[in-house]
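Have a look at the structure below before the remarks.
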Amino acid sequence: SDLAIVLGTRPEIIKLSPVIHECEQRDISYTVIHTGQHYSDNLDSVFFEQLELPTPEYNLGVGSDSHGAQTGEMLAGIEEILLEENPDTVLVQGDTNSVLAGAIATSKLDMELGHVEAGLRSFDREMPEETNRVVTDHMADYLFAPTEQSKEYLLEEGIPADRITVTGNTVVDALHRNRKLAERKSSVLDDLGLEAGEFFLMTAHRAENVDDESRFRGLLSGVSTAAAQHGVDVVYPIHPRAEANLDAFDLSVPHNVRLVEAQEYLDFLQLESAARLILTDSGGVQEEACIVGVPCVTMRDNTERPETVSVGANRLCGVEPSAITASVDFMTETDNTWENPFGDGTAGQTIIREAATVRAKVPR
Ligand code: UD1
Ligand code: UDP
């Protein structure tokens with residue numbers, strides 16, 4: 001094939017779906033290599049179904065392990081497939097271990113590497129994702145930056161301007177394609193007995209929050225207090241990493257925080273659109289809240305999505321209960337009229353067009 005697309009986790013399946021649809025649309029020959037980093041149905045196959053994506057040609061089935069073991073196994077597996085498929089170009093998206101493995105494998109072979117969602121920076125090297133982003137950006141032959149801000153970060157690190165294209169974020173493409181569908185098809189509000197505008201939605205799965213007992217405890221207590229003060233319940237679709245740690249730390253979840261299964265994409269979009277406010281530590285959820293016009297409170301000390309904060313859609317608060325309640329108070333008072341900074345939903349088209357142009361220019 002001309003193109004190989006490496007993915008492995010829930011957000012990569014969602015954010016690469018517009019790129020895959022564009023390949024289908026234009027009849028570009030492509031191969032999808034799934035690392036198997038995510039494998040539970042509700043983080044994986046359900047997204048292929050709902051986003052109408054073909055089953056990947058390859059699935060390495062790597063599963064969960066320590067960073068080194070997981071990344072190493074992916075690296076060896078991806079290399080083998082790339083040698084066999086011999087694509088001109090390999091695309092990776094985001095900042096997971098699957099991205100790092102795909103990037104290293106490609107950079108040692110005679111193939112071009114494209115990084116979708118390039119140039120995000122939290123400037124926090126304690127986060128595994130930050131290492132993955134920085135390393136991948138510096139290996140990439142072309143970088144698809146979602147915003148002017150992300151392009152700026154790349155230029156500041158000395159990456160040549162002619163490798164960078166500002167494309168918007170493919171999260172917008174996916175949202176535009178599915179939001180109306182979600183409104184029509186999802187019965188999640190009825191199923192959970194929720195009224196639009198009468199609940200908070202929360203997600204928390206990031207290692208630095210849920211692997212740390214006192215941070216996880218603070219976060220749950222802050223969210224619960226904030227919701228009680230605003231007279232609403234919180235819906236918390238739980239990620240398996242967080243679920244495992246609730247057990248391991250024997251944490252009791254406050255009565256007004258309703259744990260539910262990790263949600264399918266359409267149901268989750270419906271929950272986001274109908275929430276009064278969203279509390280999260282997820283990257284993609286910060287973006288989606290901003291795009292659907294629901295105020296967001298981010299339970300982290302930094303964000304690689306500063307655009308959401310500067311347009312007034314998001315506020316950082318860390319995990320101290322008093323900081324969470326103060327930020328929730330502040331964000332429930334905002335008027336939700338900010339501009340979406342992530343583009344017009346044509347990122348997938350731009351990426352595939354650029355990838356073809358660059359390919360034509362590269363002597364091989
Ligand atoms: C990974 C990414 C993170 C991203 C998140 C998206 C890295 C370093 N982290 O974190 O950046 O935000 O995906 O959701 O790449 N598990 C299951 N079923 C699965 C997958 C995982 O039960 O299908 C459980 C296992 O107990 C596993 C744990 O979740 O140990 C963590 O999985 P892992 O893929 O290592 O990291 P995530 O927390 O999912
Ligand atoms: N998401 C979902 N169901 C859920 C939680 C999240 O479909 O229960 C989607 C959400 O719409 C977003 C993406 O998953 O597009 C975010 O993934 P996640 O928070 O796992 O990873 P991050 O973006 O932080 O890397």
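Just name the residue that is nearest to ligand 1 (Cβ to nearest atom) out of those in the range 169-225 that are assigned to a loop (DSSP other than H, G, I, E, B) and among the charged types (D, E, K, R). Reasoning before the result, please.
At the first step, the residues of the range 169-225 found to be assigned to a loop (DSSP other than H, G, I, E, B) are 169, 186-187, 193-198, 204-206, 211-212.
Now drop any that are not among the charged types (D, E, K, R), which leaves 195, 198, 206, 211-212.
Details: Glu195: 28, Glu198: 27, Arg206: 7, Asp211: 9, Asp212: 13 Å.
Among those that are assigned to a loop (DSSP other than H, G, I, E, B) and among the charged types (D, E, K, R), it is Arg206.
Which condition from (1) within 15 Å of ligand 1 (Cβ to nearest atom); (2) more than 21 Å from the chain's Cα centre (by Cα) is the one that Gly8 breaks?
All conditions pass for Gly8, except number (2).
From the list Gly102, Gly68, Gly94, Gly63, which residue is within 16 Å of ligand 1 (Cβ to nearest atom) and over 23 Å from His138 (Cβ atoms)? Quick ask: steps written out before the conclusion?
Numbers: Gly102 fails: over 23 Å from His138 (Cβ atoms); Gly68 fails: over 23 Å from His138 (Cβ atoms); Gly94 fails: over 23 Å from His138 (Cβ atoms).
Answer to the selection: Gly63.
Between a residue in the range 35-48 that is near ligand 1 (Cβ under 10 Å from one of its atoms) and any residue that is among the charged types (D, E, K, R) and at pLDDT 95 or above, which pairs come within a Cβ distance under 6 Å, given they are 6 or more apart or on different chains?
Listed by first residue and then by second, the contacts come to His38/Arg10; His38/Asp44; Leu43/Arg10.
Please state which one of Ser186, Ser221 is more than 15 Å from ligand 2 (Cβ to nearest atom) and of a type in the set (Ser, Thr, Tyr). Write out each step before concluding.
Working: Ser186 fails: more than 15 Å from ligand 2 (Cβ to nearest atom).
Result of the check over Ser186, Ser221: Ser221.
Which is open to solvent by 10 Å² or more (accessible area, probe 1.4 Å), β-branched (Val, Ile, Thr), away from ligand 2 (no atom under 15 Å from the Cβ) and more than 28 Å from Gly345 (Cα to Cα), of Ile81, Ile164?
Working: Ile164 fails: more than 28 Å from Gly345 (Cα to Cα).
Exactly one of Ile81, Ile164 is open to solvent by 10 Å² or more (accessible area, probe 1.4 Å), β-branched (Val, Ile, Thr), away from ligand 2 (no atom under 15 Å from the Cβ) and more than 28 Å from Gly345 (Cα to Cα), namely Ile81.
Within the range 133-145, is there a residue that is in contact with a Lys or Arg (Cβ under 7 Å, 6 or more places away or on another chain), part of a loop (DSSP other than H, G, I, E, B), modelled with pLDDT of 95 or more and not hydrophobic (A, V, I, L, M, F, W, C)?
yes
Would it be correct to say that Glu208 is away from ligand 2 (no atom under 16 Å from the Cβ), over 17 Å from Ser327 (Cα atoms) and surrounded by fewer than 19 Cβ atoms within 10 Å (Cβ to Cβ)? Before you say what the answer is, go through the steps one by one.
Working: away from ligand 2 (no atom under 16 Å from the Cβ): no; over 17 Å from Ser327 (Cα atoms): yes; surrounded by fewer than 19 Cβ atoms within 10 Å (Cβ to Cβ): yes.
No: the conditions fail for Glu208.
Does any residue in the range 170-190 that is closer than 30 Å to Leu143 by Cβ come within less than 6 Å, Cβ to Cβ, of a residue that is open to solvent by less than 50 Å² (accessible area, probe 1.4 Å) and of a type in the set (D, E, K, R) six or more places away or on a different chain, and which pairs are these?
So the pair list comes out as Thr170/Lys15; Val171/Lys15; Val171/Glu287.
Would you confirm whether or not the range 226-237 contains a residue that is more than 16 Å from ligand 1 (Cβ to nearest atom), free of Cβ contacts under 8 Å to residues at least 12 places away in the same chain and touching a Leu at 6+ places or on another chain (Cβ under 9 Å)? Before you say what the answer is, go through the steps one by one.
Start the filter on the range 226-237 by keeping residues that are more than 16 Å from ligand 1 (Cβ to nearest atom), which leaves 226-235.
After this cut, where a residue has to be free of Cβ contacts under 8 Å to residues at least 12 places away in the same chain as well, the list is 231.
Keeping just the survivors that are touching a Leu at 6+ places or on another chain (Cβ under 9 Å) gives none.
Within the range 226-237, none of the residues are more than 16 Å from ligand 1 (Cβ to nearest atom), free of Cβ contacts under 8 Å to residues at least 12 places away in the same chain and touching a Leu at 6+ places or on another chain (Cβ under 9 Å).
Within the range 231-244, take every residue that is open to solvent by 50 Å² or more (accessible area, probe 1.4 Å) and away from ligand 2 (no atom under 14 Å from the Cβ) and give me the one that is farthest from the chain's Cα centre (by Cα).
Ranking the candidates gives Gly231 first.
Considering (1) of a type in the set (A, V, I, L, M); (2) within 10 Å of ligand 2 (Cβ to nearest atom); (3) in contact (Cβ under 8 Å) with a residue 40 or more places away in the chain, say which one Leu279 fails and leave the rest.
All conditions pass for Leu279, except number (2).
Just checking, which of Gly61, Gly68 is in contact (Cβ under 8 Å) with a residue 24 or more places away in the chain and either open to solvent by 10 Å² or more (accessible area, probe 1.4 Å) or not β-branched (Val, Ile, Thr) (or both)? Give the steps one after another, and end with the answer.
Details: Gly68 fails: in contact (Cβ under 8 Å) with a residue 24 or more places away in the chain.
Of the residues listed, the single one that is in contact (Cβ under 8 Å) with a residue 24 or more places away in the chain and either open to solvent by 10 Å² or more (accessible area, probe 1.4 Å) or not β-branched (Val, Ile, Thr) (or both) is Gly61.
The values are calculated or read from the model by the stated rules, or taken from the named source; none is laboratory data. Computed from a predicted model, the values in this text were never measured in an experiment. A quick note on method: Cβ atoms are made from the backbone with ideal geometry, for glycine too, and the neighbour counts reach across all protein chains shown. Side chains are part of the model used for accessible areas, which takes the heavy atoms of the whole protein and leaves out ligands, DNA and RNA. Shrake-Rupley method; radii C 1.70, N 1.55, O 1.52, S 1.80 Å.
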